[in-house]
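Every number in this text was worked out from the coordinates using simple rules, so none of it is lab data. These numbers come from a predicted model, not from an experiment. Positions of Cβ are backbone-derived with ideal geometry, glycine not excepted, and every protein chain shown enters the neighbour counts.
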Amino acid sequence: MTDARARDRRVYLGSHPVLFALLAALRRKPVRRLGRTLVVNDRDAYLAALTRIPLDRTAEGTTGGAVDRLAGSGGLFDQHGDEHRQARRDVADRLGAAGVERLRPVWTELLGERLAPLADDGPVDLVPLAAEIAGATAAALLDLDADPFELAAAAREAGATAARAHLPGLGRRRAGALSEQAAERLLALVGRNERTDAGLAATLAVAAVNTTIAALPRAAAWVGDAGLWAYAQRPEMVDELLRVTSPTPLLPRVAAAGGEIAPGCPVRAGDRMLLIARHAADAHRQDPDPMHPAPARTAQLVFGAGPHACPGARLARRQLGDLLVALAPHRPVVVAAEVDRRAALPSWRTLIVRGTA
């Protein structure tokens, strides 16, 4: 699977070269402290950070902080107590088993239509397909009458600019202004439905769109490069692909109170923790193996843990599973690929495949 791993490595080095080169250099130590920042690679320390350390959900430089800047009050991360729990219950209901099955026809219809050229050896770019699936699914999830591509583009831009606005550097002020403009465009789209809070809708749209566009093309490329199409219908293949591609490889968090995430490794209130999901899930060491998959508890780590687990995990698994089943009869291979250097998450800008069956 050397070719598959090498191609996927291009996504990281092309989109966030300095950051991921630094993380690779630091990964040999379970937890490494750099001033007030802890780089957490170890699985147990990663779990401890998410389940035993109180977190500041909207601190500067965190996922919640980016969403808070994007959406303002009402976002999923800036609520506490009963309000926060009710918001998470609402999201869980929309993304539960019944909710995902209600949404499923949205993307299965698109897969049937957009992948048809593969039957005649025609090329298909999986990135715009993933964007259309993400936008259409988000619109259905939020009861929005919005063009899928317009919604996807707005959510991608909002996610990318919000992330850049939280990075240090000389261009931070300009990035902040661009982030506010992108937020206004997205909120104008998601605010059309008065039944859903605009902040919550923006949170869901940014998360769903950016992770879908990052995950689907990368997973399909890995299967094609590694020659794994014979295993495409196995549920273990889905979990293994999500584990190794880790669509959200890095979870930035800030401690709201002190604690300990590893023996002799204290955390103080205000410490920044860079939780490396791909290292905790062994994505950097263990290739996907549907016949000998990693334990489910390991694969699940790419979606977080405990009260901070991603509520969209079921949706992500179902969409990827359906994509693999739709692609498998054609046994496609990648014929052209270009990294997206502006995306919030490691992603392809184009990933063109052609059937070989």
**Report entry** Packing-based ranking, highest mean first, of 211-221, 235-245, 249-259 given that Cβ atoms within 10 Å are counted
**Finding:** 211-221, 235-245, 249-259
Query raised in the report: What per residue convex hull volume, in Å³, comes out for segment 241-357 when only alpha-carbon positions are used?
Result: 144
**Report entry** Label selected from (1) 153; (2) 142; (3) 125, the criterion being volume of the Cα convex hull per residue in Å³ as computed here
**Finding:** (3)
Query raised in the report: Which residues' amide hydrogens lie under 5 Å from the amide hydrogen of Arg57, considering only partners 5 or more residues apart or on another chain, with H built in the peptide plane?
Result: none
Query raised in the report: Non-local amide H neighbours of Ala344 (under 5 Å, H modeled in plane, Pro and chain starts lacking H): which ones?
Result: Ala160
Query raised in the report: In whole Hz, what ³J(HN,Hα) sequence does segment 35-42 give by Karplus (6.51, -1.76, 1.60; θ = phi - 60°), x for Gly and Pro?
Result: x, 9, 10, 10, 8, 10, 9, 6
**Report entry** Order of Asp225, Asp93 - criterion: other Cβ atoms within 10 Å of each residue's Cβ, fewest first
**Finding:** Asp93, Asp225
Report task. Starting from the Cα of Asp287, move 7 Å in the Cα-to-Cβ direction to define the label point; list residues of segment 1-41 whose amide nitrogen is under 11 Å from there. Result -> 1-6
Query raised in the report: Going through the DSSP H helices of the chain, which span 15 Å or more along their own axis at the Cα atoms while scoring at least 0.0 as a mean Kyte-Doolittle hydropathy?
Result: 126-141, 148-165, 198-226, 235-245, 313-327
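Percent relative contact order of the chain, based on C-alpha pairs within less than 8 angstrom and at least six residues apart? Provide the component values of the computation, followed by the final result.
On the way: 627 pairs, mean separation 100.7, N = 357.
Reported as a whole number, the value is 28 percent.
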Query raised in the report: For the residues Thr298, Thr248, Thr356, what sequence is obtained by ranking on other C-beta atoms within 10 Å, fewest first?
Result: Thr356, Thr298, Thr248
